[in-house]
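Colleague: First the structure, which I've put down as structure tokens, then a few questions once you've had a look.
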Amino acid sequence: MILTVEEIMEILPHRYPMLLVDKVIELEPMKRAVGIKNATFNEAFFQGHFPGNPIMPGVLITEAIAQVGGLALLYPEENRGLTPVFTGIDKVRFRHPVKPGDTVRLEAEIVKTKGKMGKVAGRALVDGKLCASGEYMFALVTKG
């Protein structure tokens, strides 16, 4: 299943500048998803991180992976309108920088769910090279 950015915005609550997924190229609801982030020099974070050596902040790579996991979690109709929030992050490692012009492949697999909580394993790759990986614990919460 493929999702455009417009379809992603119907599922995720994130908006500019925090929506970090441009499209989804694979989606198995409640199992796994693969998304794409096109890192462009026009993004504000590249201006200050770091001048002369722009690198996408690791925390934003982590957030992008989590958003792809959130799409797999929120795609079922019964989960629409919930907000996925971090409850923990484990084993996160950054191996290779993401630079302007990179196309980042974001992979997320739902490892475990229990009620409205669970764990997602994810990774980010550029040209097949591992940039970041980790485990992300979440809760699906209602607004308010």
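The values are calculated or read from the model by the stated rules, or taken from the named source; none is laboratory data. Here the structure is a predicted model, which is why all the values come from computation and not from measurement. Note: ideal-geometry Cβ built from the backbone for every residue, glycine included; neighbour counts use all protein chains shown. SASA here: full protein model, heavy atoms, side chains in, ligands and nucleic acids out. Shrake-Rupley method; radii C 1.70, N 1.55, O 1.52, S 1.80 Å.
Colleague: Looking at the P(r) of segment 9-56, how many percent of alpha-carbon pairs lie beyond 16 Å?
Modeller: Percent of Cα pairs beyond 16 Å in segment 9-56: 52.
Colleague: Could you check the simple spin-label distance between Q47 and Y16, using points 7 Å along Cα→Cβ, in nm with one decimal?
Modeller: In this crude label model, Q47 to Y16 measures out at 1.4 nm.
Colleague: Run through segment 1-70 and list the GluC sites (Glu not before Pro) located in a DSSP loop whose Cβ has at most 15 other Cβ atoms within 10 Å.
Modeller: none
Colleague: Count charges around F45 for me, please; just the other residues with Cβ under 15 Å from its Cβ, Lys/Arg as +1, Asp/Glu as -1.
Modeller: It works out to a net charge of -1.
Colleague: What percentage of all Cα-Cα pairs in the chain are separated by more than 19 Å?
Modeller: 48 percent
Colleague: Give me the angle, in degrees from 0 to 90, between the Cα long axis of helix 58-74 and the longest principal axis of the Cα atoms of the chain, rounded to the nearest 10.
Modeller: 30 degrees
Colleague: I've got another one for you. Accessible area per residue of the chain at 1.4 Å probe, in Å²?
Modeller: So the chain comes to 53 Å² accessible per residue, rounded to a whole number.
Colleague: How much length is gained on full extension from E78 to V92, taking 0.36 nm per residue of separation minus their Cα-Cα distance?
Modeller: Working it through step by step, the gained length comes to 2.0 nm.
Colleague: Using a 1.4 Å probe on the protein chains only, how many percent of the accessible area of segment 4-144 belongs to carbon and sulfur?
Modeller: Solvent-exposed carbon and sulfur of segment 4-144 make up 55 percent of the total.
Colleague: Hey, another quick one. Treating only the Cβ atoms of Lys and Arg (+1) and Asp and Glu (-1) as charged, compute the dipole magnitude of the chain about its Cα centre; round to the nearest 20 debye.
Modeller: 480 debye
Colleague: Further question on the same structure: Please find, in a Gaussian network model of the chain (springs between Cα atoms separated by less than 10 Å), the residue of K119, K129, K99 whose mean-square fluctuation is greatest.
Modeller: Among K119, K129, K99, the largest mean-square fluctuation in the Gaussian network model of the chain belongs to K129.
Colleague: Here are some pairs, K91/K116; K37/K116; K37/K114; which of them have Cα atoms lying more than 24 Å apart in this structure?
Modeller: Long pairs (Cα-Cα over 24 Å): K37/K116; K37/K114.
Colleague: At 7 Å along the Cα-to-beta-carbon direction for both K112 and M137, put a label point, then send me their distance in nm to one decimal.
Modeller: Output for this residue pair reads 0.9 nm.
Colleague: Between N53, A66, L12, whose Cα lies farthest towards the positive end of the dipole of segment 1-103 when Lys and Arg beta carbons carry +1 and Asp and Glu beta carbons carry -1, centred on the Cα centre?
Modeller: Farthest towards the positive pole: N53.
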